[in-house]
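The values are calculated or read from the model by the stated rules, or taken from the named source; none is laboratory data. Keep in mind that what you see is a predicted model, and the values were worked out from it rather than measured. Reconstructed Cβ throughout: ideal geometry from the backbone, glycine too, with neighbour counts over all protein chains shown. Only protein heavy atoms, including side chains, enter the accessible area calculation; ligands, DNA and RNA are left aside. Shrake-Rupley method; radii C 1.70, N 1.55, O 1.52, S 1.80 Å.
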Amino acid sequence: VARYWGEKGVDGFRVDFAHAVPIEFWRFFASELKRTQPNVFLLAEAYESDQRMKLPGFSYQAMLAAGFDSVYDSELYWAMASQAKQPGNMRSATPARSPSMAAGVVERGFMFTHYMENHDEVRVASRYFAPWVGDRG
């Protein structure tokens, strides 16, 4: 399927729920796809902290070593979302970094995709995200 879309000009794929698929599959998938489409960009939506769905051998480093070009930086998302949901000033936010996002991982050339909204989460612009915003009462 990925090769089909690659032949149509698609040059990148975001893979949903990648942490719930065996890493062996991703190694095969990425190597086969990059054999015919060497510049394809692969982004994994994967959550290292999701213990309920995480398969043995999964880690951000394993995903990147398997051939993904980037992985969602979910730890930063959760830290920023938690801070944003607190009344006060975002300028004081200092989100923690997980061990998997340590400088050594980034220095090896791995890239993490930062995001503030995700289709699985409540929209930041929603009144349900931070109900007190805009409340003057």
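Miscellaneous remarks
- When the charge dipole of the range 1-85 is built from unit charges on Cβ atoms (+1 for Lys and Arg, -1 for Asp and Glu) and taken about the Cα centre, the candidate among Ala18, Tyr47, Val71 whose Cα reaches farthest toward its positive end is Ala18.
- Full extension of the segment from Gln83 to Phe28, taken as 0.36 nm per residue of separation minus the current Cα-Cα distance, would add 15.9 nm.
- Solvent-accessible surface (1.4 Å probe) assigned to Trp26 amounts to roughly 20 Å².
- Phe41 long-range amide H proximity, modeled H, under 5 Å: Gly12, Phe13
- For Lys85, the accessible surface of its heavy atoms amounts to roughly 90 Å² (probe 1.4 Å, protein chains only, rounded to the nearest 10).
- The packing ranking of peptides 12-24, 57-69, 113-125, 36-48, highest mean first, is 57-69, 36-48, 12-24, 113-125, where packing means the average number of other beta carbon atoms within 10 angstrom of each residue.
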